[in-house]
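As structure tokens, the structure follows; a few thoughts come after it.
The values are calculated or read from the model by the stated rules, or taken from the named source; none is laboratory data. These numbers were taken from a predicted model, which means no experiment stands behind them. Note: ideal-geometry Cβ built from the backbone for every residue, glycine included; neighbour counts use all protein chains shown.
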Amino acid sequence: MSSEPQMTRRELIKKGAAAGAVAVAGTGSLSGCSPATPSNLPQKWDREADVVVVGLGGAGAAAAIEAGRAGAKVTVLERMPVAGGSTVLCGGLVYMGGGTPLQRATGFEDSSENMYKYMLAAAGEGADPAMVRIYCDNSVDLYDWLVELGVTFKRSYIPGKWAAVPTDDGLAYTGNELQATYRAIAPPAPRGHHVQGPGETGFVLWPPIKAGVEAVGAEIYYEAPAQRLVVNSEGRVVGVLAEVYGLEEYIKARRGVVLCAGGYAANKEMVAQHCPLYLRSQFQVGTLTDDGSGIRMGQGAGADVRMMGDAFAYSGIYEFGQALVKGILVDDKGRRFIGEDNYGTWVGKALIEGHPVSYVIVDQAIWDEVPELGKKYLTLAGQADSIPELARAAKIAPDLLENTVNFYNERASRGEDPEFLKDERYVVPLENRPFYAINYPAAYVGFFTTGGLKISGKAEVLNAFGKPVPGLYAAGRNAFAVTAEQYPGSGTSVGEALIFGRIAGKGVAALEAWS
Ligand SMILES: Cc1cc2nc3c(=O)[nH]c(=O)nc-3n(C[C@H](O)[C@H](O)[C@H](O)COP(=O)(O)OP(=O)(O)OC[C@H]3O[C@@H](n4cnc5c(N)ncnc54)[C@H](O)[C@@H]3O)c2cc1C
């Protein structure tokens, strides 16, 4: 018989924690859900830092900069040989408002409250008012932070609505702010801040941000995929198991870990599990490292997830020529289902979720206005001198399409679209033969996932009971923040990554070290 006094189970566990027992919580078998046992102890820690950041894209960089500025020793693990993730590939749009210097310089009034009203309504079902509030309240500060890092925005505004700004102009409408439904909720203001440079300028945005990470002395390891979180017996995340220089290494995180490893659109199994309709899309917007590894690592450590069924789904009719918005978008039953002037994510989502086989119907007058470049990307399902003939050619229900066109034309001749409130600039009857049916299927929709780990307003990762997983933070597409049923406007994803990445970096650096 043992001479030691009998210990309760709780005391035994505490004793284990004091001895440094750890469990490994990971991407594969969700082993982190199992209790810690001495066999899970790393033999030794190969490296250590105050803060370990997983993934060096927008969110990871923002977290590393803020943690480093707060005095933490930061180690960054990046799976690829180069940094930047989707952030370096992006269009260089950052959704900011509430009265940024650029908005003011170009003559637009905005307030945080105004921006909040729009974003909350636009983000739709599942939006979290507190997270949207944080985004809006941190927006002007994000602008100043970017400018201080060396990012420049030209003091100019480009009219129209853009998902990707084709010029070097600084400010654009990129969401649904001007659309009738949202204009009634909040006075519109353009909030797409476009990093100065030609067209899509993620590659211009990225270098000053990366330089910011280097400036705080963060140690960056490339080709270093994180594989598992290391969790002690009290459930605190205390490190990361990663492959560094081809070897498995345990990296101790004295204060905590920030997961910024992107979304999961490149992981078909996860897409099939969480948002299967998005398998209809043939275009992932992102990189192959968006395989959900960060989300799975967090889940392995006990994290909850949020809004996993939602995604950014983009298909902007106006991208092929603004004139196309004067046409009508119908499905294979010949029904209209959305105002054609909506921001492309509203259209994309409607296609993916309800109308995967669809067509834009235009007449000759509209077709003549579409630029040749836009036409190059379009294919015709049919062309005919009457709507019933066109419907037969495109395999749309002929009677229904004729009804739809007649109903639309009658009201359009008065400049009205009572069904979908399309802006009157685009409301014209379709009456000039021949008519065209342009293929516009869900397969053309580009998507990335917007659900992820559940985080608090402080970017702490939360468990299924709504409590923080100690020592664990997340940001960017690795977490759910603002974008819910809908994507409020181009620039929101980089905005979320930077705003919540910064919050995560400050929060993790302020944690008490566990060793
Ligand atoms: C072509 C294109 C245009 C876009 N345009 C815009 C735009 O203009 N505005 C906008 O707001 N959004 C845009 N987006 C979306 C936006 O770029 C991303 O959603 C956003 O940048 C995501 O930031 P992030 O930090 O979460 O992820 P990322 O920037 O992708 O960074 C994640 C990083 O984590 C690394 N990583 C992954 N797994 C691991 C692991 N296990 N261990 C270590 N490292 C790992 C990846 O290699 C990557 O470097 C665009 C996307 C694309 C592809």
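List of remarks:
- The selection criterion, being within 11 Å of the ligand (Cβ to nearest atom), touching a residue at least 60 places away in the same chain (Cβ under 8 Å), buried (at least 24 other Cβ atoms within 10 Å of the Cβ) and among the hydrophobic types (A, V, I, L, M, F, W, C), does not hold for Val244.
- The number of residues in the range 222-232 being more than 9 Å from the ligand (Cβ to nearest atom) and either modelled with pLDDT under 95 or assigned to a strand (DSSP E or B) (or both) comes to 5.
- In the range 320-340, the residues that are over 22 Å from Pro398 (Cα atoms) form Cβ pairs under 8 Å with partners that are acidic (Asp, Glu) and in a helix (DSSP H, G or I), at six or more places apart or across chains, as follows: Gly321/Glu369; Ala323/Glu369.
- Failed criterion for Glu410 (all others in (1) in a helix (DSSP H, G or I); (2) modelled with pLDDT of 95 or more; (3) within 30 Å of Gly170 (Cα to Cα) hold): (3)
- Test: Val258 is in contact (Cβ under 8 Å) with a residue 12 or more places away in the chain, β-branched (Val, Ile, Thr) and surrounded by fewer than 23 Cβ atoms within 10 Å (Cβ to Cβ): no
- Restricting Leu430, Leu498 to residues that are farther than 24 Å from Arg236 by Cα, within 16 Å of the ligand (Cβ to nearest atom) and hydrophobic (A, V, I, L, M, F, W, C) narrows the list to Leu498.
- Verdict on Asp169 being within 15 Å of the ligand (Cβ to nearest atom), modelled with pLDDT of 95 or more, surrounded by fewer than 20 Cβ atoms within 10 Å (Cβ to Cβ) and among the acidic types (Asp, Glu): yes
- Filter result (among the hydrophobic types (A, V, I, L, M, F, W, C) and either more than 20 Å from the chain's Cα centre (by Cα) or within 16 Å of the ligand (Cβ to nearest atom) (or both)) within the range 433-468: Phe435, Ala437, Ile438, Val445, Phe447, Phe448, Leu453, Ile455, Ala459, Val461, Ala464, Phe465
- Unmet requirement for Ala180, which otherwise passes all of (1) touching a residue at least 40 places away in the same chain (Cβ under 8 Å); (2) within 14 Å of the ligand (Cβ to nearest atom): (2)
- Test: Leu378 is buried (at least 21 other Cβ atoms within 10 Å of the Cβ) and under 16 Å from Ser315 (Cβ atoms): no
- Checking the stated criteria, Ala163 turns out to be under 20 Å from Gly339 (Cα atoms), in a loop (DSSP other than H, G, I, E, B) and touching a Gly at 6+ places or on another chain (Cβ under 6 Å).
- Pairs linking a residue in the range 145-171 that is free of Cβ contacts under 8 Å to residues at least 60 places away in the same chain to a residue that is among the acidic types (Asp, Glu), with Cβ atoms under 7 Å and 6 or more positions apart or on different chains, are Lys154/Asp168; Lys154/Asp169; Ser156/Asp169; Tyr157/Asp169; Ile158/Asp169.
- Residue, nearest to the ligand (Cβ to nearest atom), within the range 68-79, restricted to residues that are over 16 Å from Gly476 (Cα atoms) and outside any loop (DSSP other than H, G, I, E, B): Thr75
- Whether a residue is among the hydrophobic types (A, V, I, L, M, F, W, C), away from the ligand (no atom under 16 Å from the Cβ) and in contact with a Leu (Cβ under 9 Å, 6 or more places away or on another chain) was assessed, and Leu329 passes this test.
- Taking the criterion of being in contact with a Phe, Trp or Tyr (Cβ under 6 Å, 6 or more places away or on another chain) and not in a strand (DSSP E or B), the residues of the range 444-471 that qualify are Thr450, Gly451, Ala459.
- Residues that are over 19 Å from Glu424 (Cα atoms) and among the charged types (D, E, K, R), drawn from the range 165-204: Asp168, Asp169, Arg191, Glu200
- Which numbered condition Gly348 misses (of (1) buried (at least 18 other Cβ atoms within 10 Å of the Cβ); (2) more than 30 Å from Ile455 (Cβ to Cβ)): (2)
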